[in-house]
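Working notes, beginning with the structure itself.
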Amino acid sequence: MEMHMRTLRAGSAVVAGLALFLTAGAAAPPASAAATGTASVVVDFTKAGGPLPADLVGLSFEMRELGIGNLDARKGNMVQLFKTLGPSNVRIAGNTLDRDGIWLPEGRAMPQPHPEWLQHVVTRSDIERLDDFLDATDWKTEIGINLGRWDAAAAADQAKVMTRVLGKRLVAAECGNEPDQWVGKGFRPAGFSYADYLKDFQACAAAVGPAIPLAGPDAAAPNSVWAANLARDANDRLSQVMLHQYAMDPTGTMERLLSRDTYDKQLRTITPNLDAAKALGIPLRLDETNSAWGGGIDGVSNKHGSALWALDYSLQLGQAGVAGLNFHGGLGVCDQPIWNGKWQIYTPICAASKAGELAQIYKVMPIYYGLWMARQLGSGHFLPVTLTTDRNVTAYAVKGRDGRLRLAVISKEDPSAGPVAVSVSVGGRNRAAQVIRMTGSSLAGVDTAVQGATVDHLGRLKPGPADRVPVRSGALTVELAAGSAAVVTLDR
């Protein structure tokens, strides 16, 4: 495929800074072979960009996972899998929140006759189990309240229990899931509008009370005007604007997922709502996101290329000002339909077998490694970057709270495209940079690893020692394989 030179800018115009020069070699040659393409990155040290929060990358699960006893600190390896990612944010809601579950207050009997749609029940004991899990992992949570099938007394009771049990680990409550699709799901009559939803949201806010921050509207469409409207109309009650976004529909391909068109679209689509939230001083979080809606795409969402996409997507949107992204998944058997015949192929975490599912012993999919790599940039502030390239390469820079400079460089090309030689001009004294790499044999492979290591059966990831690259006369060179990513850390 013919590629053309392009210049991409993130942040303010570059006036001074750090220059990285990337030269792409021919297929499978050493880095010193004649270049077939070039790329340059300039990082501006004179202006700090937006913040990189510690919880930029989080996870999302269905409410049903609580109702069936998952996220149990006493079982399996899930605690360690969360700890391996590092403290962050888990959102619990999804389609099963409104569609087939209820909150059952203590002392209330199950509804009789038993509704056909009712598949799970969440109670105080589930919130207590979740609290133990959050304490063990040092994570926080947002939890949904069923607004699609509204029960004011149940909502008030759930809010009271969550406040008392979870305390500061409860970031927000979400009133309903994807209300912009409720007509199609039979929760509301034809003609249900934003004005109608706002009344429902206000009823939920009144039932929940002022003690719990609220987030919403959890619209399915990332460009839904309901988000900007709710930020305007309920900004005295809204702690976060919540949206859902999936990069592709179920017909997508790996080539499309990693394409420039998808890269541009996934930011362009949310920009109006992001700008509206910023103008009102309310954080915007994509609390449900992944590669493709409908459970993902076999051969795409569950392969190495998805790890490269997830790393790039997280940093792209974080740099643009998105407060966080929760990657949706489910805890069934990997690449198998779940209880209702639907799929969650895109899930970062799943079980290798039915026995593993029941024991809550899980494995990770390639996308998990992309999330882990994003976490390695730590917290701090993005630095503006200008990238000029004729290759499918992206780059990001962060000035960490610890004073270190960290760079992420991502090649979204098949490994057959050959390596990229990254020459970095950093100035200053002679020293060493540390480099960790995420690699895979092909975009369609499942052998994603970090420094040659994979997550073990206990949920631990123990990468080999970081590569040490010397900085001499203010410059260093890093070889980046196509279809891989690297995080480079430079001492103060």
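The values are calculated or read from the model by the stated rules, or taken from the named source; none is laboratory data. Keep in mind that this is a model prediction, so the values were computed, not measured. FYI the Cβ positions are ideal-geometry reconstructions off the backbone, even for glycines, and counts take in every protein chain you see.
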- [ ] Could you please find all residues in the range 429-480 being buried (at least 16 other Cβ atoms within 10 Å of the Cβ) and on the phi > 0 side of the Ramachandran plot?
- [x] 451, 459
Open item on the list: Yes or no: the range 104-126 includes at least one residue that is more than 15 Å from residue 459 (Cβ to Cβ), out of contact with any Gly (no Cβ under 7 Å at 6 or more places or on another chain) and crowded, with 21+ Cβ neighbours inside 10 Å.
Closed with: no
Open item on the list: If I go through the range 461-480 residue by residue, how many of them are part of a loop (DSSP other than H, G, I, E, B) and out of contact with any helix residue (DSSP H, G or I) (no Cβ under 6 Å at 6 or more places or on another chain)?
Closed with: 7
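Name the one entry in 413, 357 that is among the acidic types (Asp, Glu), touching a residue at least 24 places away in the same chain (Cβ under 8 Å) and either touching a Ser or Thr at 6+ places or on another chain (Cβ under 6 Å) or under 29 Å from residue 264 (Cβ atoms) (or both). Please lay out each step first, then the result.
Values: 357 fails: either touching a Ser or Thr at 6+ places or on another chain (Cβ under 6 Å) or under 29 Å from residue 264 (Cβ atoms) (or both).
Residue meeting the stated conditions: 413.
I'm trying to understand the selection: among the residues of the range 348-384, which are more than 19 Å from residue 456 (Cβ to Cβ) and either hydrophobic (A, V, I, L, M, F, W, C) or part of a loop (DSSP other than H, G, I, E, B) (or both)?
Narrowing the range 348-384 to residues more than 19 Å from residue 456 (Cβ to Cβ): 354, 358, 374, 377-384.
If the condition is that a residue be more than 19 Å from residue 456 (Cβ to Cβ) and either hydrophobic (A, V, I, L, M, F, W, C) or part of a loop (DSSP other than H, G, I, E, B) (or both), then 358, 374, 377, 378, 379, 382, 383, 384 are the ones that fit.
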Task: Filter result (part of a helix (DSSP H, G or I) and β-branched (Val, Ile, Thr)) within the range 135-179 - done: 137, 161, 163, 165
Task: Single residue of 227, 231 found to be small (Gly, Ala, Ser), in contact (Cβ under 8 Å) with a residue 40 or more places away in the chain, assigned by TED's automatic domain parsing to the domain that holds residue 197 and over 30 Å from residue 300 (Cβ atoms) - done: 231
TODO: Output the residue which, of all residues in the range 244-294 that are polar (S, T, N, Q), over 17 Å from the mean Cα position of the chain (by Cα) and assigned to a loop (DSSP other than H, G, I, E, B), is farthest from residue 94 (Cα to Cα).
DONE: 259
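Name the residues in the range 217-234 that are on the phi < 0 side of the Ramachandran plot, outside any loop (DSSP other than H, G, I, E, B) and out of contact with any Gly (no Cβ under 6 Å at 6 or more places or on another chain), would you? Lay out the reasoning, then the answer.
Start the filter on the range 217-234 by keeping residues that are on the phi < 0 side of the Ramachandran plot, which leaves 217, 219-234.
Right, trim to outside any loop (DSSP other than H, G, I, E, B) and you get 217, 219, 225-233.
Across the range 217-234, the qualifying residues are 217, 219, 225, 226, 227, 228, 229, 231, 232, 233.
In this structure, is residue 180 surrounded by fewer than 21 Cβ atoms within 10 Å (Cβ to Cβ) and within 21 Å of residue 62 (Cα to Cα)? Talk me through it step by step, then tell me what you get.
On the way: surrounded by fewer than 21 Cβ atoms within 10 Å (Cβ to Cβ): yes; within 21 Å of residue 62 (Cα to Cα): yes.
Against the criterion (surrounded by fewer than 21 Cβ atoms within 10 Å (Cβ to Cβ) and within 21 Å of residue 62 (Cα to Cα)), residue 180 qualifies.
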Task: Sole exception among (1) in contact with a strand residue (DSSP E or B) (Cβ under 8 Å, 6 or more places away or on another chain); (2) within 22 Å of residue 54 (Cα to Cα) for residue 281, by number - done: (1)
Task: Residues satisfying the stated conditions in the range 224-243, i.e. within 18 Å of the chain's Cα centre (by Cα) and surrounded by fewer than 24 Cβ atoms within 10 Å (Cβ to Cβ) - done: 240
TODO: Answer yes or no: is there a residue in the range 482-492 that is modelled with pLDDT of 95 or more, among the polar types (S, T, N, Q), closer than 28 Å to residue 256 by Cβ and in a strand (DSSP E or B).
DONE: no
- [ ] Go through 292, 277 for me and flag whichever is in contact (Cβ under 8 Å) with a residue 40 or more places away in the chain, assigned by TED's automatic domain parsing to the domain that holds residue 316 and in contact with a Ser or Thr (Cβ under 7 Å, 6 or more places away or on another chain).
- [x] 292
